[in-house]
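Just below is one structure, and these are the notes that go with it.
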Amino acid sequence: MTVIAGTAVRELPEGQSQAHVADPYPFVIPDALRDVNGHPHGGRRTPHRARRYLGTYLRSLKVLDLAMVVAAVLAAYVTRFGLDESMREVSGIGYVYIAVALGVAWIVSLHVQRAYDGRTVGHGVQEYRQVFQASMWVFAALAIIGFAFRIEFARGFVLLAFPLGTLLLLGGRWSARRWLVSRRKKGKLSDRVILVGDKSHVAGLVSALRRAPDAGYNVLGACVDDAEGEVRGVPVLGREADVLLQAMDHHVDVVAVSSSAGLGTTGLRQLGWALEATDIDLVVAPGIMDVAGPRVLTRPVQGLPLIHVEAPRFVGPERVLKNVMDRLAALAVTLLAAPVMLAVALAVKLEDRGPVLFRQERVGQDGQGFSMFKFRSMVLDAEERLAELADANEGAGPMFKMQRDPRVTRVGAFIRRYSLDELPQLLNVLRGEMSLVGPRPPLPREVAEYAADTRRRLLVRPGMTGLWQISGRSDLSWEEAVRLDLYYVENWNPILDVMIMWRTVRVVLSSGSGAY
């Protein structure tokens, strides 16, 4: 059977009525979603099991947050007033009531900041930012109330409750996320997704979603006009016009439409209207890639959502703060790791009586060269033997890598596995040549082969660790390593640095995979 939509003639899927051959819609409307006039309409359907389980997870998250808030407020109350009965009220109000009000306000603030939105849990920094902002709003509100009504809250109570509560909330969210991510990596508790667009854009979306399984998107198929069979291993379920029919047939949770979709602005709006009557979310993927949320601002103008993309900032107060934090943290880590560094230095020296440190010329910020320090992990003539190993190179792009490099010593293999060879780079951080977190420090010969866009890695200081470190290290392809570094360069923020450093410790201590 065929149906006419505009000027296009297409096969009408089995089960659709011929009464709708003059549909003004650029997609097939299942009979279950039609009203008496043939327009999109329908009732809510029962969400599939994974989405129901996600709802249970979010309710459990509320209970966990409540427990963390109660624990923090109770600990602050007992610590501050446990032995002093006379200080248990202020301005005639008992601190018991103040503590209860504080806990309630904290939970309300978490809801206001949308900390229980299923679309942000499990992936990215947004979830942690919402929890942190909720805590700051409560703290600010308490300070304003105290100033406005001249109420002097006990400083010890306030200064203990808020840092402790914030840390407990963030720790609880991290623990809950570990469980959720482990499920999502196994294909559970993820939204079922259908992609819409042309072949190249759908392929890009498939790759992006596969790189982030913890985001909770399980791609079931795609609706593409210019491809058949599969796109990047994802089955093509039909043409773009079949998206609504396929979404209902496959019981999906999300329809993701790329910027290349042929539905047009009117068709996209009508698709949104049709999905309103279901439990299916509509997601629109813009053409811009690798831009973090804080740099994106949506501004509606006469019903047209304009996406403002803020230019990345490479100078300013935030960068000065990063520099100060880098040096203070590097000094602290150096003092703590001094015994380990001494043991590694002794092991390197005893193996072949050669020098302990290895200096190598690297390229830093703005193309400036510097000497990077590492514990020596190779034989003394390693540089001279590099040319004879050129044919055995397993590295991607201009990088030289070998999983079983014959130049690596026994001690070197061990310290490389756990990245202990990189500890002397703390000296480079203290000297201002490197950062704790940043792009991988390249060799001059690698920079000589850089394309124009790859040179943007040099806009900031290179780092001891980075997104490349926590995403596979030497196992990454050259294109993927460049993409991760450029993402960091253009989307840096302090919370991202903290997350990368935390995950670096976990990656290094867990298996040392990708390090050779």
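For the reader, a short list of remarks on this structure follows.
- Centre-to-centre separation between the Cα atoms of the stretch 208-281 and those of the stretch 356-380: 49 Å.
- Fewest neighbouring Cβ atoms within 10 Å first, the residues L54, L335 line up as L335, L54.
- Within straight-line cross-link reach of K62, lysines at Cα separation under 26 Å, skipping those fewer than 8 residues along the same chain: K185, K186, K188
- Per-residue Karplus couplings for the stretch 126-141, computed as 6.51 cos²θ - 1.76 cosθ + 1.60 with θ equal to phi - 60°, are listed in order as 4, 4, 5, 5, 5, 5, 5, 5, 4, 5, 5, 5, 5, 4, 5, 5 Hz, Gly and Pro entered as x.
- Our Cα-only numbers for the stretch 174-316 put the radius of gyration and Dmax at 16.3, 52 Å.
- Pairwise label distance in nanometres, W273 with Y116, each label 7 Å out on the Cα-Cβ vector: 3.4 nm
- In sequence order, the stretch 227-236 has phi-based couplings of 7, 9, x, 9, 10, 6, x, 9, x, 7 Hz under the Karplus curve 6.51 cos²θ - 1.76 cosθ + 1.60, θ = phi - 60°, and Gly or Pro positions carry x.
- Shape of the stretch 154-252, Cα gyration tensor, a/c cut at 1.5: prolate
- Local electrostatic count, S175, Cβ distance below 14 Å [Lys/Arg +1, Asp/Glu -1]: +3
- With a Förster radius of 35 Å applied to the C-beta separation of F147 and S175, the computed FRET efficiency comes to 0.45.
- Charge dipole of the stretch 49-185 about the Cα centre (unit charges at C-beta), most positive-ward option of L58, G146, I98: L58
- The relative contact order of the stretch 49-185 comes to 36 percent, based on Cα pairs under 8 Å that sit 6 or more residues apart.
- Calculated FRET efficiency for the pair R385/L297, C-beta based, R₀ 56 Å, to 0.05: 0.55
- Counted charge near I107, where neighbours are those whose Cβ lies closer than 15 Å (Asp, Glu -1; Lys, Arg +1): +3
- Model label sites at V309 and M136, defined 7 Å from Cα along the beta-carbon direction, differ in position by 2.6 nm.
- Positive-end residue of V257, S190, Q246, charge dipole of the stretch 159-289 with Cβ unit charges: S190
- Listed by Cβ neighbour count within 10 Å, with the fewest neighbours leading, H251, H308 appear as H308, H251.
- Beta bridges by DSSP in the stretch 317-510, antiparallel share as percent, to the nearest 5: 80 percent
- Amide H contacts of M464 (H built 1.01 Å from N, in plane; Pro and chain starts excluded): S435, L436, V437, G438 sit under 5 Å, all sequence-distant by 5 or more or on other chains.
- Computed 3J(HN,Hα) for the stretch 161-173, one whole-Hz value per residue from the Karplus formula 6.51 cos²θ - 1.76 cosθ + 1.60 where θ = phi - 60°, is 4, 6, x, 5, x, 5, 5, 5, 5, 5, x, x, 5, glycine and proline marked x.
- Prolate/oblate/rounded call for the stretch 317-510, Cα gyration tensor, a/c under 1.5 rounded: oblate
- Order of M402, M434, M501 under a 10 Å beta carbon neighbour criterion, fewest first: M402, M501, M434
- Taking the stretch 317-510 and dividing mean pair separation by its residue count, relative contact order in percent (alpha carbons under 8 Å, at least six apart): 22 percent
The numbers here are math on the coordinates, done by the rules we state, and not lab data. All values derive from a computational prediction rather than experimental measurement. Note that each Cβ is placed from the backbone with ideal geometry, even for glycine, and that neighbours are counted across all protein chains shown.
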